[in-house]
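Report on the following structure.
Taken together, the values in this text are just the output of simple stated rules run on the coordinates, not laboratory data. Just so we're clear, the structure is a prediction, and the values are computed from it rather than from any experiment. In this analysis, Cβ positions are derived from the backbone assuming ideal geometry, glycine residues included, and neighbour counts consider all displayed protein chains.
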Amino acid sequence: MSADTTEAAARPGADRATLARALDRYRPLLEADWGRFLEALQTPLAPCLWANPTRIDGPGLAALLAVEGIPSQPIPWLAGTATGAALRLPLGVRPGQCWWYCAGLAHAQEAVSQLPVRLLAVHPGQRVLDLCAAPGGKTAQLALALDNRGTLLANDIFPERIAALQGNLDRLGIVNCTSTWCDGGNYPAAAGPFDRILVDAPCSSEGTLRRNQSLAARLAGRPPAERSARLLPRQRALLRKAVQLCRPGGRIVYSTCTFAPEENELIVAEALEQAAGQLRLLAVEVPGLMLAPGLTAWAGRSLDPSLARCVRLWPHHNDTGGFFIAVLEKATSAPAVAEAAPLTLAPGAGDDDQVAALAAHYGLAAALASGYRIQRQTRRGLHLMAADHCPPAAPPAQGSGLFFHRTNTRPPKLTTAGALRLGAHATRQCLDLDRVQRDAYLRREQQTPTAAQTRDCHPGQVLVRYQGYPLGVAILHRSGTLESLFPRRWSGCAAGA
C-alpha cells in the first residue's frame, strides 16, 4: 500500500530462481525485458522523500540534508506535485531516525506510490475520500493538495492502522482530515458525494519485492490464483463503492502495488461493465516517466480496449517499485448520492479559557485566530481543525483535525503535534537548541541549557526548536534543567542518521 517510513540498507536481493518461479506468468508480457525485470527486483530500492510544503520547500530540504551529510537527487517526474518536491536518498539512510523527519519537514514514500494522488488532480475546495488510508502517506498528500483546508475523509478497515495513520498526519500538521473506521466496501452513502476518491487497494504486493525481499519465497510457494483469491471480493467492493460515492463529473483513482491482472485490469473492467457507460477511463501521461499501457487481453480473454489507458509501472523501466494505476471519471449524467448531514462541531464549556491561556503562554493569539476551528472531542483535550473542515455525521469519526492541547493534565500541555504545527508562530517561551542538545532532547535526556539560551524563558513549559524548526515541548525547571517531553513512541527519532 504505502512505502515504509524507513528503508533498509543495501542487502543481497532475492534468489533469481525464486523470483522467476514466483513471477513466471508475466514473462510473455515482458519478452526480451525479462532478465532486466528480474535484475531490477534483486536490487534494493533507495528511499524517497517529499518535502512538507507547510514547513519547507524542496531546495530547502535538499540543502538541509546536505548539511547533515545526506546527498539527495530530485525526482523530475514528481516535480510540481502538491508536496512540492520529491528527493531520492542513498541506500542505507533511515529517514525515520532523523531529526528533520521527527519535525515533520518531510515524509518517506516510495516514488511510484506518490503518483496516485498526483493523477487524482485534487484542488482546494473539493471534497475528498481516501478509502484505504493507513498508514497515511497518500492521505497527507491529499490534505496538502487541498492546501490543508476543506474536507478530507481518511478511512481504514483496521483500527490499529488508524493509530499509525493519525500519527503521520499529526507529525505533518494536517488539520483538514477526519479519520473513520469502516469497511470501505460498505462505506455509508450518508457520508455524501465526493469530488475525488482514492482507492489504493489492498493487494498481493508483488510490486514491493524490492523493499520486501522475503516476499519472493512466499509468492513462489502459492499458485497465482490463490494469491489474489481472498483479495478480489474486497477490491471489487471498494471500487464499486467509490463509483457510488463519486460525485457526477468527479474522478476516482484505483491503484495497487501488484502486477496481477486479476487485481488490476480485470477489477477495472468489471467496474466499467457495471457502470453501463456512466464511467470512463482517462488517459494518463507523466512527462519524464516511462508508462506501460494496461492489458487488453489476459489468460485468453479479450478486455475492453480502453483498458490500455490504465498504466503499469514495471521496476526496470524507471528504477522504481511496481505499480498499477487507473484514472476513472464519472459521467455528469450519472446518479449521485444525497448530500451529507454535517457533524456538529462545538467547543466545550471553559475551552475558550484554556485556549486563551495557551495563547498567552506562547504568544499564539494571532496564529490560533487565523483559519482554525477548535473543538473538544475527548476528555483528554482539544483538537485543531481547518476553519472550513466539515465532516459528515456518518460514519462516526475516529478523530477530526489535530490533537493539539492536552487539558486533562495539570498544568495543561501543548502536544508535540501542536508544537510542530504552531511552534513557528510562537513569540514567547521558545528555547533554541544546538545540534548536541537537539539529539539529547529527542532521546528524552535531561540537560542544562546555557543562561543565554534561557534568558527569555521563565520556568515552566517551553517550546524547543532547532534552526528555527519546532521539535516539541519541554519543562524548564527552576534549577535550570531542561526535561524533554518528546513522546516515547517517537523516540526512535534520535540523532540524524
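Annotation: extensible slack from ARG444 through ASP456 equals 2.0 nm (criterion: 0.36 nm per residue apart, minus Cα-Cα distance).
The distance separating the Cα centre of segment 452-468 from that of segment 369-437 comes to 20 Å. Taking 0.36 nm per residue of separation and subtracting the Cα-Cα distance, full extension of the segment from PHE158 to THR43 would add 38.2 nm. Quick check on segment 87-222: take the gyration tensor over C-alpha atoms, sort the square-rooted eigenvalues as a ≥ b ≥ c, and tell me if it's rounded (a/c under 1.5), prolate or oblate. Oblate, because a/c is 1.5 or more while a/b does not exceed b/c. Residue separation of ARG149 and ASP304 scaled by 0.36 nm, minus their Cα-Cα distance, works out to 51.9 nm of gained length. Is the shape of segment 159-268 best called rounded, prolate or oblate, per the rule: a/c under 1.5 gives rounded, else a/b larger than b/c gives prolate, else oblate, with a ≥ b ≥ c the square roots of the Cα gyration tensor eigenvalues? Cα axes put segment 159-268 in the oblate bin. About the centre of its Cα atoms, segment 429-497 shows a dipole size close to 180 debye [charges on the beta carbon of Lys, Arg (+1) and Asp, Glu (-1) only; nearest 20 debye].
Measuring from centroid to centroid over Cα atoms, what is the spacing of segment 15-93 and segment 221-242 in Å? Taking the Cα centre of each part, segment 15-93 and segment 221-242 sit 27 Å apart. Net charge dipole, segment 199-280: roughly 300 debye, given to the nearest 20, about the Cα centre with Cβ charges of +1 for Lys and Arg and -1 for Asp and Glu. Rounded to the nearest whole Hz, the Karplus-based 3J(HN,Hα) values (6.51 cos²θ - 1.76 cosθ + 1.60, θ = phi - 60°) of segment 311-321 follow the sequence 10, 10, 10, 8, x, 7, 6, 10, 6, 9, x, with x at glycine and proline. Note on HIS477 and ARG410: their simple-model spin labels are 2.0 nm apart, each label 7 Å out from Cα toward Cβ. Computed from backbone phi, the HN-Hα couplings of segment 287-293 come to x, x, 10, 7, 10, 8, x Hz, rounded to whole numbers (Karplus: 6.51 cos²θ - 1.76 cosθ + 1.60, θ = phi - 60°; Gly and Pro given as x). I need the shape label for the chain. Rule: rounded when a/c is under 1.5, else prolate if a/b > b/c, else oblate, with a, b, c from the alpha carbon gyration tensor. Verdict is oblate for the chain.
Give the longest segment of the chain that steers clear of trypsin sites (Lys or Arg not before Pro) in DSSP loops with at most 12 neighbouring Cβ atoms within 10 Å, not counting the sites themselves. That would be 1-229. Computed over segment 120-201, relative contact order equals 42 percent, with contacts defined as Cα pairs under 8 Å that lie 6+ residues apart.
So for the chain, taking the charge dipole from beta-carbon charges (+1 Lys/Arg, -1 Asp/Glu), which of LEU414, VAL243, ALA86 sits furthest toward the positive end? Farthest towards the positive pole: LEU414. A simple spin-label model places pseudo-atoms 7 Å from Cα toward Cβ; at ALA32 and GLN274 they are separated by 4.1 nm.
For the chain, a crude dipole built from +1 on the beta carbon of Lys and Arg and -1 on the beta carbon of Asp and Glu, taken about the Cα centre, is about 780 debye to the nearest 20. With the helix formula -39500 (n - 2.57) applied to DSSP H stretches of n ≥ 4, the chain reaches a computed 222 nm mean residue ellipticity of -7500 deg cm²/dmol.
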